[in-house]
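Peer 1: Sharing a structure with you now.
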Amino acid sequence: MSEPTRRPDGRQKSGGAIPGLLKGLATTAKTLGRPSHTAEYPDAPPHLPPRSRGVIALTEENCTSCMLCARECPDWCIYIDSHKETIPSPTPGGRERQRNVLDRFAIDFSLCMYCGICIEVCPFDALHWSPEFEYSELDIRDLLHEKGRLGQWMATVPPPAALDPGSAEAGEIAAANKPARVPRAAAAPATSRPAAASRVARERPARPEAPGNIPPDSVSTEPLPTAQNPPTTGSPGTKSEEGEA
Amino acid sequence: MNDALEVTLRSVGVLAAFLVLPLLVGQAEHKVMAHMQGRLGPMYAGGFHGWAQLVADGVKFVQKEDITPTAADRRVFRFAPAVALVPSLVALAVIPLTPSVVAADVPASALFVLAVTAVGILGTLMAGWASANKYSLLGAMRAAAQLLSYELPLVLAVASVCLAAGSLSLGGIAAAWSPWWLLWQAPGAVVFLIAAVAELQRPPFDMPVADAEIVFGAYTEYTGLRFAFFLLSEYAGIVVMALLFSVLYLGGWQGPFADQLGWVWTVLKGLVIALLIIWMRVAWPRLREDQLQHLAWLVLVPLALAQLALTGVWVVVAA
């Protein structure tokens, strides 16, 4: 019963199969003639886009231990330890200030899912994507990388993309190009100078001291610098902060 | 003493061919299939384009543990690979490369080759039954059904050539060959090639070892060297069938400088057929079980019978 219905089907199929079979042979033969797509990876370096998300690099100087990255991390793979240091006032009777000192910054790349949220949330540009990807280990525990190793990867981070024509100048550049601010310390009494000078220089590297034109009386006034540099100052890494300010 | 030496030499020669040619075909399959799929294939073993990949595979297989399942029929299970492997070796011994270069000149060698290669089925069947594994059993049953179905068109196609040559000896057939056979015996040649690939359980006729359905068919439970023997028997089978095709349908050693280079021609033609078999594997999808049987009984058997009738009529008319 089913035979007569099946037969025409089978014939149609076998009639239609031959061109398909020949096409299969032709396709494979053509592919045989073409060069293969295989990239011989360990022998030849792969051509990665420059912004590949390979590993997360850390600029230790920019980190203020604010913990934003660690708290935003979806799988809690960032470990930060820090302590507060008290900076004595440069002038007698002035207020003491505190700043965070980073003791430990570690990323566990066995947990990291390369979402890049930590890099997005960092307000101080301390974290960057690096295209480096060859950091596999034989033991999963060895994938916990401390700040030293994370810092080494900074060298592989590509420079930021050029700004669009006509766009505003980058904050850091604008800050650097500003006419030198009048240093208050210029006419400071010689006794207080050595202690203060080094600290001032460290606090504001982008604003070199230039001896000059400032009323000598205002030298020791505390409020002005405090207003411009909130208590988190202290490291040269506040560049970007200043640029935004 | 002299006889013993000659037998030994011939046996060693066949054994060498048996160990070298299948590896050659296997390596060709690695590389050709890879490049047909836009890949490179093995590149490391041996240094130059992975030429020693199969040697490395062999070393790996030797190192692996030889496991016999607890529920298996031990003796049959362990004996099956030999049953699958030896027929190819024996068949290789009677295939002539030239009228003189043949290990054993058997009078009815065409018949002998067919009979011997059919024994190889037993190895698969033994393996599947003795493994005590449902996939193995299914694979063995599929293999048996497939091999029985395709044995008939294979034998009929060879019968047609024997009829045309008036000889049952492979040497006699190749000697009687003329280029005119390429047209006259073409349907038979196509039937033989398809049936040969099906006998070897090669894609597109690899239903008995369809990995997506029944793991690896009758060979599922095999490990190590025994598994390697099954693989070797597959590639040795390709060599046997390709050389057989070259002798039956392509005139074997016939070609320019046949007196000096006869064996080169036979082997060269055989390698071309082996490449064709590899090409079929790469290009075509697997046939379903019912399509397999359909092709064997409704296409190949009638075609082989028609070829036999054509050959018979022509031989009678021309005589």
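Each value in this text was obtained by applying a stated rule to the coordinates, not by laboratory testing. This structure is a prediction, so every number in the text was calculated from the model and none was measured. Ideal geometry is used to build each Cβ from the backbone, glycine not excepted, and the neighbour counts take in all protein chains shown.
Peer 1: What is the Cα convex hull volume of the stretch B:126-210 when expressed per residue in Å³?
Peer 2: Once divided by residue count, the hull of the stretch B:126-210 is 94 Å³.
Peer 1: If you take each beta carbon of peptide B:280-291 and count the beta carbons of other chains within 10 angstrom, what is the mean?
Peer 2: Rounded to a whole number, the mean comes out at 3.
Peer 1: Per residue of B:29-38, count partner chain C-beta atoms within 10 Å of its C-beta, then hand back the mean as an integer.
Peer 2: Counting other chains' Cβ atoms within 10 Å and averaging over B:29-38 gives 4.
Peer 1: How would you order B:87-94, A:109-116, A:55-62 from highest to lowest mean count of nearby Cβ atoms within 10 Å?
Peer 2: Ranking the peptides B:87-94, A:109-116, A:55-62 by packing returns B:87-94, A:55-62, A:109-116.
Peer 1: Count the net charge of all other residues whose Cβ sits under 13 Å from the Cβ of B:P99, scoring Lys and Arg as +1 and Asp and Glu as -1.
Peer 2: With Lys, Arg at +1 and Asp, Glu at -1, the neighbours total -2.
Peer 1: Quick one: what does P(r) look like for the stretch A:55-156 with 10 Å bins over all Cα pairs, in whole %?
Peer 2: Going out from 0 Å in 10 Å bins, the stretch A:55-156 shows 15, 44, 25, 10, 5, 1 percent.
Peer 1: Rounded, prolate or oblate: which fits the protein assembly as shown when a ≥ b ≥ c are the square roots of the eigenvalues of the alpha-carbon gyration tensor, with rounded for a/c under 1.5 and prolate only if a/b beats b/c?
Peer 2: Taking the square roots of the gyration eigenvalues as a ≥ b ≥ c, the protein assembly as shown is prolate.
Peer 1: Another question about this same structure. Under a GNM of chain B (C-alpha, springs under 10 Å), which listed residue has the highest mean-square fluctuation: B:A212, B:A80, B:A52?
Peer 2: B:A212
Peer 1: I need the peptides A:43-50, B:101-108, A:79-86 ranked by packing, meaning the mean over residues of other C-beta atoms within 10 angstrom, with the highest value on top.
Peer 2: B:101-108, A:79-86, A:43-50
Peer 1: What is the extension gain from B:V316 to B:T8, computed as 0.36 nm multiplied by their sequence separation minus the C-alpha to C-alpha distance, in nm to one decimal?
Peer 2: In short, 106.5 nm is gained.
Peer 1: How many angstrom lie between the Cα centre of the stretch B:75-95 and the Cα centre of the stretch B:31-49?
Peer 2: Here the answer is 30 Å between Cα centres.
Peer 1: Using θ = phi - 60° and the Karplus form 6.51 cos²θ - 1.76 cosθ + 1.60, what ³J(HN,Hα) does each residue of the stretch B:223-230 get, whole Hz, x for Gly and Pro?
Peer 2: For the stretch B:223-230, the Karplus curve yields 9, x, 5, 5, 5, 4, 5, 4 Hz.
Peer 1: Report, in whole Å, the centroid distance computed from the Cα atoms of the stretch B:161-185 and the stretch B:60-74.
Peer 2: Each part reduced to its Cα centre gives a spacing of 45 Å.
Peer 1: List every residue whose amide H lies under 5 Å from the amide H of B:A132, counting only residues 5 or more places away in sequence or on a different chain, with H placed 1.01 Å from N in the peptide plane.
Peer 2: B:D73
Peer 1: While we're on this one: Just grab the label-to-label distance for A:R34 and B:W180, each label 7 Å out from Cα along the Cβ direction, in nm (one decimal).
Peer 2: 4.6 nm
Peer 1: Could you please report the charge total around A:L58, scoring K, R as +1 and D, E as -1 over all other residues with beta-carbon less than 12 angstrom from its beta-carbon?
Peer 2: Neighbour charge sum, excluding A:L58 itself: -1.
Peer 1: Could you tell me how far the Cα centroid of the stretch A:59-81 sits from the Cα centroid of the stretch B:266-306, in Å?
Peer 2: 64 Å
Peer 1: Shifting gears a bit: Mind giving me the FRET efficiency for B:A115 and B:A306? R0 is 30 Å, r the Cβ-Cβ distance, nearest 0.05 is fine.
Peer 2: 0.75
Peer 1: Provide the net charge surrounding A:L48, with neighbours chosen by a C-beta distance below 12 Å and charges set as Lys +1, Arg +1, Asp -1, Glu -1.
Peer 2: 0
Peer 1: Also, I was wondering about something else. Over the alpha carbons of chain B, what is the largest minus smallest coordinate on each principal axis, giving the biggest first in Å?
Peer 2: 62, 48, 47
Peer 1: As a check on your grasp of the helix formula, calculate [θ] at 222 nm for chain B: sum -39500 (n - 2.57) over DSSP H runs of n ≥ 4, divide by the residue count, round to the nearest 500.
Peer 2: Estimated from H runs of four or more residues: -24000 deg cm²/dmol.
Peer 1: Just in the stretch B:213-265: which chymotrypsin sites (Phe, Trp or Tyr not before Pro) are loop by DSSP and have at most 14 other Cβ atoms within 10 Å?
Peer 2: B:F257
Peer 1: So, one more: Calculated FRET efficiency, B:V272 and A:L48, Cβ-Cβ r, R0 41 Å, to nearest 0.05?
Peer 2: Efficiency, from the Cβ-Cβ distance: 0.45.
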